[in-house]
Structures are given as C-alpha cells and as structure tokens.
1. Among the residues in region 119-127, are any crowded, with 24+ Cβ neighbours inside 10 Å and over 22 Å from residue 19 (Cα atoms)?
2. Output the qualifying pairs, or none if there are none: Cβ atoms under 6 angstrom, residues six or more apart or on different chains, first residue in region 98-116 and free of Cβ contacts under 8 Å to residues at least 40 places away in the same chain, second residue assigned to a loop (DSSP other than H, G, I, E, B) and surrounded by fewer than 24 Cβ atoms within 10 Å (Cβ to Cβ).
3. Test of understanding: among 55, 26, 51, which residue is loosely packed, with under 15 Cβ neighbours inside 10 Å and in contact (Cβ under 8 Å) with a residue 12 or more places away in the chain?
4. I'd like the residue in region 69-100 that is touching a strand residue (DSSP E or B) at 6+ places or on another chain (Cβ under 6 Å) and buried (at least 18 other Cβ atoms within 10 Å of the Cβ) and, out of all such residues, is farthest from residue 190 (Cα to Cα).
5. Six or more apart or on different chains, Cβ atoms under 7 Å: show the pairs whose first residue is in region 66-80 and at positive phi and touching a residue at least 24 places away in the same chain (Cβ under 8 Å) and whose second is surrounded by fewer than 18 Cβ atoms within 10 Å (Cβ to Cβ) and outside any loop (DSSP other than H, G, I, E, B).
6. What are the residues in region 172-207 that are part of a loop (DSSP other than H, G, I, E, B), in contact with a strand residue (DSSP E or B) (Cβ under 6 Å, 6 or more places away or on another chain) and in contact (Cβ under 8 Å) with a residue 60 or more places away in the chain, if any?
7. How many residues does region 150-171 contain that are assigned to a loop (DSSP other than H, G, I, E, B) and surrounded by 13 or more Cβ atoms within 10 Å (Cβ to Cβ)?
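Only the coordinates and a few stated rules stand behind these numbers; no lab work does. Remember, predicted model here, so these are calculated numbers, not experimental data. Heads up, the Cβs are rebuilt from the backbone with ideal geometry, glycines too, and the neighbour counts pull from every protein chain shown.
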C-alpha cells in the first residue's frame, strides 16, 4: 500500500479506516501476545521496530523480529501510526507464526480522533490489538486504587475511552485502551497478566530492549 506522505493525507486515511473499527471481542483465550515498540536514534533519522511474541502462561519469548530503517513521516501528534506502522508491519510480517493479539506501546481508542496506533494496526492486520500507554494522551480520570488490578475510567468528552490500570502496588498506573477486535475489560486482563513483575507489560519491555539493542548495534 502507499502510505500517506502529508498530514492532510494521513488525517483523511485515518478517518476512512476508523469506519472499519470493530470492538467485538475476538480473542477469547489467546496463548500468546505479540508486543511492539519503535526506538528512534536521537542523533539522526534512524529507527528500529521490534515485534516480540511471548507465551501468556509463563512470559517466555516464542519469537522475535526487529527491522531498522529511517523515519519517513514527520512528527505529528495524533498521527504516530504513520511513522511507526510501516516498519512495525515489516517486523510483524517477518514472524513465522501469525500473532493472536497485539499489545502496542501506545493507545487505541484513547486518542483525539479515536483511532490510535492499536486501532490502526488492528484494522490493517485484521487482528485483535490493544494499547498500553505510559502516559495519558487524552481525557481525565480519578486515581485508581492502590492494588494491582484496580482501575479508574479514562473519560474524554463524557465518553469512556480507556482505563487507568494499576499493575503493581506503589507504582504509577498505565493507560489501557481497546484497539480492534477486543474489549476494554479483556485488554486490562491481558495487561495485568503481562505485567506480573514490573509496571509495564513484558511484551513492551522485551520489544523496547530489542529495538534499542538493534539501534546500538547498527
């Protein structure tokens, strides 16, 4: 496919693809989750994109792929998918086993136009996807309770667009939102299962480590 090269083209493509969004839960019992992340070289246009598939029962790495390249779309809030999806798709298609569900380092519905990276990826790949963000992109919320699994709704314009989830006691919560073919409750359950040792899901941590190592070694 030809990726949009300008901001107006990207916004138009985002609006068109949003019509294909489906939040029906289509991954009732996944055995694996594939984590995604992109790292950028602060000294230049290079980037590395990683896809890492973990077993959900014990978080062991099943498969991993990383690709390197250069940034091809400008930095524009709300349009990160157009910077990150082309290299991420290259890493995903290099996997031998088709992913069951994607855990994105970013957002799904919790996005100004309700179509973040997890939504965009899920629609294009026709695969369940959800986002786990380190920081809030939109909305307001109360503080969730102190225990792992405690949540508070993330609200934007009166709409619940995600959940603020406490994964570990004594650490900041994360921002979970459904992307495609998954419910918010299911996305929160998977996030909690993947974050049994640290604040962030092991999928995010593994993908982050892989793409940073690729940049350092290239």
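1. The initial filter retains those residues of region 119-127 that are crowded, with 24+ Cβ neighbours inside 10 Å, namely 119-122.
Going one step further and asking which of them are over 22 Å from residue 19 (Cα atoms), we end up with none.
No, there is no match, as no residue in region 119-127 is crowded, with 24+ Cβ neighbours inside 10 Å and over 22 Å from residue 19 (Cα atoms).
2. Matching pairs, first to second residue: 112/78; 112/138.
3. Numbers: 26 fails: loosely packed, with under 15 Cβ neighbours inside 10 Å; 51 fails: loosely packed, with under 15 Cβ neighbours inside 10 Å.
Answer to the selection: 55.
4. Of everything passing the filter in region 69-100, 87 is farthest from residue 190 (Cα to Cα).
5. Note: no pairs meet the criteria.
6. If we filter region 172-207 for residues that are part of a loop (DSSP other than H, G, I, E, B), which is where we start, we get 172-173, 181-183, 195-201.
Subsequent filtering for residues that are in contact with a strand residue (DSSP E or B) (Cβ under 6 Å, 6 or more places away or on another chain) retains 173, 182, 201.
Those that are part of a loop (DSSP other than H, G, I, E, B), in contact with a strand residue (DSSP E or B) (Cβ under 6 Å, 6 or more places away or on another chain) and in contact (Cβ under 8 Å) with a residue 60 or more places away in the chain: 182, 201.
7. At the first step, the residues of region 150-171 found to be assigned to a loop (DSSP other than H, G, I, E, B) are 150, 157-158, 166-171.
Retained after the next criterion (residues that are surrounded by 13 or more Cβ atoms within 10 Å (Cβ to Cβ)): 150, 166-168, 171.
Number satisfying all stated conditions: 5.
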